[in-house]
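Below is one structure, written out as structure tokens; comments come after it.
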Amino acid sequence: MRDWSPERLARAAGARLQSAPPVDGAAAGPSRVTIDSRDIGPGVLFVGLPGTRADGGRFARQALDQGAWGALVTPEHALAAAAEPAPAGVLLAADDPLAALQALAREWRRELGAQVVGVTGSTGKTSTKDILAAMLAQECSVVASSQNFNTEIGLPLTILGAPAGTQTLVLEMAMRGAGQIAELAAIAEPDVGVIVNIGPVHLELLGSLEAVAAAKAELIAGLRPGATAVLPADEPLLDAYRRDDVEVVTFGPGGDVAELDDLEPPFTSAHMRIDALAALAAARALGVQPKGRLEVTLSALRGQRIELPGSLLVINDCYNANPMSMRAALDDLAMSAAGRKVAVLGDMLELGPDEGHYHEQIGEHAQQTGVDVLIAVGPLAALMGARFDGDLHRVENAAAAAELTSELLRPGDTVIIKASRGVGLEVVAEHLQAAAAAE
């Protein structure tokens, strides 16, 4: 947006241009956009969003005084920021700064002319996004969502962070309820929509798998005619949402894309290979045929393998969890462990009235996959013990799990760490790494 005038930016955002200093030969538009008042610098457009704890609009004048290109805030805060002496930067007012941020992102997406892939699913969407970005990078310039920038705020920030010349955007789309994927699709206007799978997540709000499928299928509804929907071959819950004017490509066993052909991914687990098939289908839909060895950088806390002294292997997969991803993680543990299999599993949240049953099923799956030691973290995870006959330890929280895991591990063990984000199980991996470094 370096060449966008303040007037053009205001039109794109649906905002009112409150004030703008004369252009002195420098770049007319901002170099980047931020919503963080601590991230202000020359060339930055600061968007002040109302929040639960603080209203970012209060920092508009501070941002301008610190050299920001401009600030986009509510009319109330714009009026306060325009007080004497006159601000040195551009001041824009919008009744809804978040809607303005989203509109600005949509306009920048159109300006880029990049091909856009939207990726959602109950589990594995982040890994699929990471794998697809690696595939596309073999042939074109790619910008992909980082970390958890997959919401109504994070997605537009990802788009606005893409530099001119970006050829492909890979955008992860998260949701907790109905209507949220539709909102993200309206911003991103994807050419390809990928639904990795449908599973029991957010049931506390949505109530049923059918409702989860309907929410994810908003991505299909948001595709333009002639676009491509990439869907799992074995998911009948999505059949009702297929469109005659959208090409459908299926992946997985029995699907249109069932083999990785001559690709060499840096992983062997079954669920990651399924994610790779979804990514391959999306890449081909964009006209890219990746080949050879893939160099994939997985997002933090999502299956990273950490090798520690004593031939210990830690699989740090504790960013989030649901029954599907828990089963996949235990399957991966069973396949990859050379020695004892240790599982540090915490509560799976937002599963609704059947949450106890889902946790018992995970305990049963741990038994079936040969887990030697199960450390159950939290009151829900404790229910896993009802169907697990091995070496079981119940602890109340992540801190206690970190101490106990360190005591129980033996040389040659492989340990999987997984729970919903609210449990905070990353401290287990951090504790193990710190202990190893101190030896």
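All of Arg32, Arg11, Arg106 fail the test of being among the basic types (Lys, Arg), without any contact (Cβ under 8 Å) to a residue 12 or more places away in the chain and outside the structural domain of Met173 (by TED's automatic domain parsing), apart from Arg11.
Contact map, the stretch 329-351: first residue touching a residue at least 60 places away in the same chain (Cβ under 8 Å) and on the phi < 0 side of the Ramachandran plot, second residue of a type in the set (Lys, Arg) and crowded, with 19+ Cβ neighbours inside 10 Å, Cβ cut-off under 6 Å, separation 6 or more or different chains; pairs are Ala329/Lys418; Leu333/Lys341; Leu345/Lys418. Does Ala329 meet the test of being out of contact with any helix residue (DSSP H, G or I) (no Cβ under 7 Å at 6 or more places or on another chain), within 20 Å of Arg421 (Cβ to Cβ), outside any loop (DSSP other than H, G, I, E, B) and among the aliphatic types (A, V, I, L, M)? It is true that Ala329 is out of contact with any helix residue (DSSP H, G or I) (no Cβ under 7 Å at 6 or more places or on another chain), within 20 Å of Arg421 (Cβ to Cβ), outside any loop (DSSP other than H, G, I, E, B) and among the aliphatic types (A, V, I, L, M). Filtered by the rule that a residue be surrounded by fewer than 19 Cβ atoms within 10 Å (Cβ to Cβ) and either small (Gly, Ala, Ser) or in a loop (DSSP other than H, G, I, E, B) (or both), the stretch 300-321 gives Ala300, Arg302, Pro309, Gly310, Ser311. Would you check if Asp244 is over 18 Å from Met173 (Cα atoms), out of contact with any strand residue (DSSP E or B) (no Cβ under 7 Å at 6 or more places or on another chain) and acidic (Asp, Glu)? Answer is yes for this residue. Within the stretch 338-356, the set of residues being over 17 Å from Gly422 (Cα atoms) and of a type in the set (Asp, Glu) comprises just one member, Asp354. Entry remark, the stretch 254-269: residues being surrounded by 12 or more Cβ atoms within 10 Å (Cβ to Cβ) and either assigned to a loop (DSSP other than H, G, I, E, B) or among the hydroxyl-bearing types (Ser, Thr, Tyr) (or both) number 8 in total.
Where strands (runs of 3 or more DSSP E) fall wholly inside the stretch 365-439, the ranges with 3 or more residues that are in contact (Cβ under 8 Å) with a residue 60 or more places away in the chain and closer than 18 Å to Lys341 by Cα are 414-418.
Within the stretch 127-148, none of the residues are more than 26 Å from Leu184 (Cα to Cα), in the same structural domain as Leu17 (by TED's automatic domain parsing) and of a type in the set (S, T, N, Q). Can you work out which of the residues in the stretch 12-50 that are surrounded by 16 or more Cβ atoms within 10 Å (Cβ to Cβ) and assigned to a helix (DSSP H, G or I) is modelled with the lowest pLDDT? By that ranking, first place goes to Ser37.
Applying the condition of being charged (D, E, K, R) and surrounded by fewer than 21 Cβ atoms within 10 Å (Cβ to Cβ) to the stretch 118-164 and asking which residue is farthest from Arg176 (Cα to Cα) yields Glu139. Per the conditions (1) out of contact with any His (no Cβ under 6 Å at 6 or more places or on another chain); (2) among the aliphatic types (A, V, I, L, M); (3) farther than 16 Å from Ala321 by Cβ, the sole criterion not satisfied by Ala402 is (1).
Every listed requirement among (1) under 16 Å from the mean Cα position of the chain (by Cα); (2) within 21 Å of Pro190 (Cα to Cα) is met by Leu280 save one, (1).
If I filter the stretch 248-257 for residues that are modelled with pLDDT of 95 or more and on the phi > 0 side of the Ramachandran plot, do I get at least one hit? Yes, the stretch 248-257 contains a residue that is modelled with pLDDT of 95 or more and on the phi > 0 side of the Ramachandran plot. Gly113 passes every criterion in (1) crowded, with 19+ Cβ neighbours inside 10 Å; (2) without any contact (Cβ under 8 Å) to a residue 60 or more places away in the chain; (3) among the small types (Gly, Ala, Ser) apart from (1). All of (1) at pLDDT 95 or above; (2) out of contact with any strand residue (DSSP E or B) (no Cβ under 8 Å at 6 or more places or on another chain); (3) in a loop (DSSP other than H, G, I, E, B) hold for Asp234 with one exception: (1). The set of residues in the stretch 319-367 that are among the basic types (Lys, Arg) and out of contact with any His (no Cβ under 8 Å at 6 or more places or on another chain) comprises Arg340, Lys341. Of all residues in the stretch 270-283, none satisfies being outside any helix (DSSP H, G or I) and either of a type in the set (Gly, Ala, Ser) or surrounded by 14 or more Cβ atoms within 10 Å (Cβ to Cβ) (or both). Do any helices (runs of 4 or more DSSP H) entirely within the stretch 103-218 hold 2 or more residues that are within 24 Å of Ala270 (Cα to Cα), at pLDDT below 95 and out of contact with any His (no Cβ under 7 Å at 6 or more places or on another chain), and if so, which? Because the criterion is at least 2 residues that are within 24 Å of Ala270 (Cα to Cα), at pLDDT below 95 and out of contact with any His (no Cβ under 7 Å at 6 or more places or on another chain), the helices (runs of 4 or more DSSP H) in the stretch 103-218 that meet it are 125-136.
The values are calculated or read from the model by the stated rules, or taken from the named source; none is laboratory data. Bear in mind the structure is a predicted one, so any value in this text is a computation, not a measurement. Cβ atoms come from the backbone with ideal geometry, glycine included; neighbour counts cover every protein chain shown.
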